[in-house]
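To keep things clear, I will list the structure first and then write my remarks on it.
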Amino acid sequence: MTLSTLPLGTQAASGTIELSQITDTHLFADTEGDLLGVPTWHSCRAVVNAMKEELAGCDAILATGDLSQDQSPASYRHFVSMMAELTPPVFWLPGNHDEAPVMQAELDGAGIHQAKHLLGEHWQVLLLDSQAQGETCGRLSEQQLVMVDEAVVAYPHHHLLVAVHHQAVPVGCAWLDQHNLRNADELAVRLNQHNATRVVLCGHVHQGFDEVQNGIRYLASPSTCIQFKPLSDDFALDHTAPGWRQLSLHPDGRLSTRVWRLPPDAFVPDFSARGY
């Protein structure tokens, strides 16, 4: 069995698990480094400060990839330093911009847990690695797909949230959707064999998204830095502010969620940029 399971408790008397998602921080070794006009350390710093005010009762934080922009050890240390200010445990997966061995070494060294299967009384959370080396798109290896099979078979009555970096369904942006999860159909086949609630949570697209397809709920979340304009065929930045997502996993399988953002016009990007 490839699952490395860690118990996931809840602080809520109702049995509801409270999660926060932070994604696509794109940090540099240089704290003044910017991505398309947004200084990513400063925007992430502002998001973390805002999260501190909203994290009462949170049970875990999911960091869903692209934590670094320059793949430097220092960029991951910046992330670790900010996460240390938040009380809940942090769990992570890599994105296409991350250097996975460097990422794992730095996060392991800081004591951030590398568990990829979290098990509560009513829910299980599976963090999958969709990084395809040298590519912007994503792909789940056979080992990652086996983890899904094992989770579905071992805990058939637990509701299931799968966290993955790349989007598993189109979000309506042609230029972004060409960099999707290439074998998302193989993931969907496995999830469709599960009888309890199924949710897929991703980063990568730098925008909020919430849609149900074939009984599976797909969510995407804003970045802590630049935002991509929804429903845009060509590359375009958005005016919406950086943010993060809160999720409440209820014992009966319901999931309620909210996207939180910084104040409007916080960290305005360079709209003259023509590519990412």
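Here are the numbers for the structure shown:
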read-out: The one condition in (1) of a type outside the set (D, E, K, R); (2) under 28 Å from Glu142 (Cα atoms); (3) at pLDDT 95 or above that Gln193 fails to fulfil; value: (3)
read-out: Only one of His204, His250 that is in contact (Cβ under 8 Å) with a residue 60 or more places away in the chain and farther than 30 Å from Glu142 by Cβ; value: His250
read-out: Residues of region 5-31 that turn out to be part of a loop (DSSP other than H, G, I, E, B), open to solvent by 10 Å² or more (accessible area, probe 1.4 Å) and either under 15 Å from Ala163 (Cβ atoms) or of a type in the set (Phe, Trp, Tyr) (or both), as a count; value: 2
read-out: Which listed residue, of Val148, Val164, is crowded, with 21+ Cβ neighbours inside 10 Å and more than 19 Å from Pro222 (Cα to Cα); value: Val148
read-out: Residues (in contact with a strand residue (DSSP E or B) (Cβ under 6 Å, 6 or more places away or on another chain) and either on the phi > 0 side of the Ramachandran plot or of a type outside the set (Gly, Ala, Ser) (or both)) located in region 256-272; value: Thr257, Arg258, Val259, Trp260, Arg261, Phe267, Pro269, Phe271
read-out: Residues that are part of a loop (DSSP other than H, G, I, E, B) and either open to solvent by 50 Å² or more (accessible area, probe 1.4 Å) or modelled with pLDDT under 95 (or both), drawn from region 32-58; value: Glu32, Leu55, Ala56, Gly57, Cys58
read-out: Residues located in region 195-239, provided they are buried (at least 17 other Cβ atoms within 10 Å of the Cβ), farther than 17 Å from Leu249 by Cα and in contact with a helix residue (DSSP H, G or I) (Cβ under 7 Å, 6 or more places away or on another chain); value: Val205, Thr224, Cys225, Phe228
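The values are calculated or read from the model by the stated rules, or taken from the named source; none is laboratory data. Since this is a predicted model, take the numbers as computed values, not measurements. Cβ sites come from the backbone with ideal geometry, for glycine too, and all protein chains shown count toward neighbours. Heavy atoms of the whole protein, side chains included, go into the accessibility calculation; ligands, DNA and RNA do not. Shrake-Rupley method; radii C 1.70, N 1.55, O 1.52, S 1.80 Å.
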